[in-house]
1. Post the alpha-carbon centroid distance, segment 255-332 to segment 336-366, in whole angstrom.
2. What size of dipole, in debye to the nearest 20, comes out for the chain about its Cα centre when the only charges are +1 on Lys and Arg C-beta atoms and -1 on Asp and Glu C-beta atoms?
3. Can you list the lysines whose alpha carbon is less than 17 Å from that of Lys90, not counting same-chain residues fewer than 8 positions off?
4. Based on the alpha-carbon set only, what is the convex hull volume of segment 258-394 divided per residue, in Å³?
5. Identify all aspartates and glutamates with a Cα-Cα distance to Lys96 below 13 Å; exclude those on the same chain that are fewer than 8 residues away in sequence.
6. Mind grabbing the base-10 log of I(q)/I(0) for segment 1-130 at q = 0.10, 0.12, 0.15 Å⁻¹? Debye formula, identical points on the C-alpha positions, no solvent, two decimal places.
7. Compute the signed sum of charges (Lys and Arg +1, Asp and Glu -1) over the other residues within less than 12 Å, Cβ to Cβ, of Arg341.
8. From the list [x] 156; [y] 138; [z] 147, can you say which value of volume of the Cα convex hull per residue in Å³ was derived from the structure given?
Amino acid sequence: MRTQVAIIGAGPSGLLLGQLLHKAGIDAVIIERQSPEYVLGRIRAGVLEQVATDLLDEAGVGQRMHAEGLVHTGFDMLFNGERHRIDLEKLTGGKKVMVYGQTEVTRDLMDARQAAGLPTVYDAANVQVYDFETLSPRVTYEKDGQSHTLACDFIAGCDGFHGVCRASAPRSAIKEFEKVYPFGWLGLLSDTPPVHHELIYVNHPRGFALCSQRSATRSRYYLQVPLTDKIEQWSDEAFWQELKLRLDPEAAGKLETGPSIEKSIAPLRSFVTEPLRFGRMFLAGDAGHIVPPTGAKGLNLAATDVKYLMDAFVEFYQEQSEAGIDGYSERCLKRIWRAERFSWWFTSIMHTFDSEGAINGKLQQAELDYLMHSEAGLKTIAENYVGLPLDFGA
C-alpha cells in the first residue's frame, strides 16, 4: 500500500491534518493503535482559540461547533476571596474563545473522515517507522494478525507524548526540555449546570481550582492535588466539599453538585522536543510538546502545528518547493516556546508551591494585585489567552 502522507495517530491533530490534506487533494492514511471508542473516550481540554476554530471551519467540520459551542468573551480570576474579570474582547480588540470539548472536535473529524471514505486503520499493533531519513519512508504495523507496510513520501507523527515517532528519532539528533510540576489536577466531569457562565481560575491557599464547562448542562471542575494522591481517595462528596472551600461565597452558594461521569488525576509538565523534523518525518501536537493545561494551549498549539505542516505539504506538492518543510520546525518552535512561557507563568502564579514557603504566596498575591490594576498587565493576560496571531513576531 502507498500514500503521500502517512499520519500516525488519530487524535485531533492527526484527524485535522488528514481532513485538511483531503481538502487540498493530498492523499493520506491515518494509522492508530487504539480503537475509535478509546480515542473518543479520552476526556481533554475544551477552550479553542480563534486560530483553531478557523482551522476547523477550513476543514469543513465547524458546523456543530458553532451550533453547540459556547463563545466566551472573558473569564474570572479569583484570589484573596475576590473575583476579577478579564475582558478578553475589550482587551484584544474583539477576540474571543470558544468552549467546545476536544472529544467533540475529535468526533466531528472522525465523522467527516468516515463520510468521505478516507482510510483510517484503528487497532494497529506494533506500529514502526523506517527510512524517514531517506526519500522513501515507510510505516509497518500489524492488523488482525497480518503484517502490513505503508510506503509514503512523508510521515506525520501525531501520536502523542508516548508515541513511536519521537521515540524513533535518533537520540544524537534530538534535544528534550522538561519541567515536571509537583502536583496534578484532579478533574471531575458532571451533568450539572456550570457554576458560572464563564471560567473561574482560582488561586487559594488550599490549592488551585478551575471551574470550567462543556455545555450549558455539563461542567468540568479541577482541583490541584499532590502527585501522591490516588483517585480512590477522592469520593464525589469529598471533591465537591473541597471545591466549595476554594471558591468565593457567591460561587460556592451557586454550585450544583451531582454524580461524576468521569474522574481522573493528570500530572502537569512543560515539555518541548527540538527539532520537530527528522528527514521526512515531522512531529506535531503532543508528540513534540506538552504544556500545563492552565493556559488552555495544548489543543490550540497542535492545531497550529497542523496548519504549518499542511501548508508545507501543499507547497511541496503544488509548487514543488521544499521551503515550507525546511522551515516547519523553526516556525513551530517559535510559537511553541511563547505558549510554553505563558502556560508556565500562568501555572506559577495560580498554584500553591509548598516547597517554596510562605513568601511565594505573598509574591503571587502581589503579582496578581499588580496585574488587575494595570492595563498592560491585563492586556498581556488577555492577548496570550486568546492566542497570539499566527504571524506574531515573524
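1. 24 Å
2. Values: 40 positive and 52 negative charges, 62 e Å.
It works out to roughly 300 debye.
3. Lys379
4. On the way: hull volume 23.0 nm³, N = 137.
Enclosed volume per residue, from the Cα hull, is 168 Å³.
5. In chain and number order, the partners are Glu49, Asp54, Asp87, Glu198, Glu383.
6. Results for segment 1-130 at q = 0.10, 0.12, 0.15 Å⁻¹ read -0.41, -0.55, -0.76.
7. Details: positive: Lys179, Lys297, Lys334, Arg335, Arg338; negative: Glu340.
With Lys, Arg at +1 and Asp, Glu at -1, the net is +4.
8. Computing volume of the Cα convex hull per residue in Å³ and matching it to [x] 156; [y] 138; [z] 147 gives [z].
Every number here is computed from the coordinates shown, using simple stated rules; none is lab data. Note that this is a predicted model, so its numbers are computed, not measured. Virtual Cβ from ideal backbone geometry, glycine too; neighbours counted across all protein chains shown.
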